[in-house]
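Participant: Please find one structure pasted underneath; my questions will follow.
The values are calculated or read from the model by the stated rules, or taken from the named source; none is laboratory data. Predicted model, so just to flag it, every value in this text is computed and none were measured. Using ideal geometry, Cβ is built from the backbone for each residue, glycine included, and neighbour counts are taken over all protein chains shown.
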Amino acid sequence: MDNWSSYRHPALPLRDLGLACLGAGEQSGLLPSFAGRTLSSHGIVLVSEGSGHISVDGERFEVRAPAIMWLFPGVRHGYGPGPAGWKEHWLLFTGPTARAFEELGCYSRDSPLLQLDGSSERDLMEALGLFPALRAALSVGGHHSDLDASLICQRVLVEAGKQRNHGASGSPGDGEKLLARLHEMAHLPLSLPQVAASLNLTAPELRHAVQTATGMGPKELVIQLRMSRAQSLLADTDLPVQRVATLTGYDDPAYFSRLFTKKTGFPPSQFRRDHHRKSPH
């Protein structure tokens, strides 16, 4: 890997309304350490080889690859490799969408360092594999490359954010299997303990596993899956709303209609009018 870095003054709409990539780079070897820096933007540093340290607001943490370091605006920090050096991949980003990533669980100010285990190391390669495309986007001027860099940056954040969950659960594969089973069962009128029992789990175990894998609780996830199914049925079929409610796990069509309206912003009848494609007569 050759050492490189590229900085960007992005398009103002991305900075003010979305998420803008301000720069990125990859370095390896005996890099200089530093301390006491404060950024006005967010940052992420992926350490793929070696070991070192990071300090955040005066608290020092040891770092051993694979690891992810999250940097937050206004927070004093410093980091650097040990005597043998390390390999780091970093990017800087800003914009209101950064808050959405934080609230959706991609990263937390309470956890500036994420130490990964062997099961997560392979998945970290998904994020690292995006850096060549990010480098290419940052090397070209213009708004189109600003958009490319923004999208690639968000992809890196999503992949890195998954490691926060996988690092807690240990096995990403188990979480994927659990989510597949929940997707199959979401339309069944079962309580949380019943769903857990069918998966050979206790309710607390199910709650923890789903929260770890998705960043939301099992009840919230089931509602999301049911609403998605209901939207498809309303848009793609002529089934009455009462039947749609039943097929998505709700015996009470009035309750279904209230919940659908709350979650989507539209009552079922209006959603159907807006999205249903009627056959020509």
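Participant: Of the residues in region 59-103, how many are farther than 21 Å from S48 by Cβ, part of a strand (DSSP E or B) and without any contact (Cβ under 8 Å) to a residue 12 or more places away in the chain?
Facilitator: Residues meeting the conditions: 2.
Participant: Shifting gears a bit: For region 38-62, which positions are in contact with a His (Cβ under 9 Å, 6 or more places away or on another chain) and farther than 20 Å from V156 by Cα?
Facilitator: Hits for region 38-62 are T38, I54, S55, V56, D57, R60, F61, E62.
Participant: Also, quick follow-up: Can you name the residue in region 222-251 that is free of Cβ contacts under 8 Å to residues at least 40 places away in the same chain and of a type in the set (A, V, I, L, M) and is also surrounded by the most Cβ atoms within 10 Å (Cβ to Cβ) among such residues?
Facilitator: By that ranking, first place goes to A230.
Participant: While we're here: Do we have any residue at all in region 37-44 that's closer than 18 Å to R135 by Cβ, in contact (Cβ under 8 Å) with a residue 40 or more places away in the chain and either part of a strand (DSSP E or B) or outside the structural domain of L91 (by TED's automatic domain parsing) (or both)?
Facilitator: Checked region 37-44: at least one residue is closer than 18 Å to R135 by Cβ, in contact (Cβ under 8 Å) with a residue 40 or more places away in the chain and either part of a strand (DSSP E or B) or outside the structural domain of L91 (by TED's automatic domain parsing) (or both).
Participant: Would you check if there is a residue in region 96-110 being touching a Pro at 6+ places or on another chain (Cβ under 9 Å) and β-branched (V, I, T)?
Facilitator: No, region 96-110 has no match at all.
Participant: OK, next. Which residues, counting only those in region 215-263, are small (G, A, S) and closer than 19 Å to S198 by Cβ?
Facilitator: Result: G217, G249.
Participant: Specify the residue that is farthest from G161 (Cα to Cα); the eligible residues are those in region 202-221 that are surrounded by fewer than 19 Cβ atoms within 10 Å (Cβ to Cβ) and of a type in the set (A, V, I, L, M).
Facilitator: A203
Participant: Hey, another quick one. Suppose the filter is in the same structural domain as L19 (by TED's automatic domain parsing), of a type in the set (A, V, I, L, M, F, W, C) and assigned to a helix (DSSP H, G or I); does I54 pass it?
Facilitator: No, not satisfied.
Participant: Somewhere in region 20-32, is a residue of a type outside the set (A, V, I, L, M), without any contact (Cβ under 8 Å) to a residue 60 or more places away in the chain and on the phi < 0 side of the Ramachandran plot?
Facilitator: yes
Participant: Collect the residues in region 252-272 that are among the charged types (D, E, K, R) and surrounded by 12 or more Cβ atoms within 10 Å (Cβ to Cβ), keeping them in residue-number order.
Facilitator: The answer is D252, R258, K263, R272.
Participant: Please list, ordered by first then second residue, the pairs with beta carbon atoms under 6 Å, 6 or more apart or interchain, first in region 190-219 and on the phi > 0 side of the Ramachandran plot, second in a loop (DSSP other than H, G, I, E, B).
Facilitator: Here the result reads G215/L104; G215/G105, each pair linking region 190-219 to a residue that is in a loop (DSSP other than H, G, I, E, B).
Participant: If you scan region 30-53, which residues turn out to be crowded, with 16+ Cβ neighbours inside 10 Å and under 23 Å from the mean Cα position of the chain (by Cα)?
Facilitator: Hits for region 30-53 are L39, S41, H42, G43, I44, V45, L46, V47, S48.
Participant: Right, something else. Taking L17 and the conditions (1) of a type in the set (A, V, I, L, M, F, W, C); (2) without any contact (Cβ under 8 Å) to a residue 60 or more places away in the chain; (3) out of contact with any Lys or Arg (no Cβ under 9 Å at 6 or more places or on another chain), which numbered condition does it fall short on, given that it satisfies the others?
Facilitator: Going through (1) of a type in the set (A, V, I, L, M, F, W, C); (2) without any contact (Cβ under 8 Å) to a residue 60 or more places away in the chain; (3) out of contact with any Lys or Arg (no Cβ under 9 Å at 6 or more places or on another chain) one by one, L17 breaks only (2).
Participant: Go over the candidates R99, R64 one by one and state the one that is assigned by TED's automatic domain parsing to the domain that holds D148, within 30 Å of H144 (Cβ to Cβ), out of contact with any helix residue (DSSP H, G or I) (no Cβ under 8 Å at 6 or more places or on another chain) and among the charged types (D, E, K, R).
Facilitator: After applying the criteria, what remains is R99.
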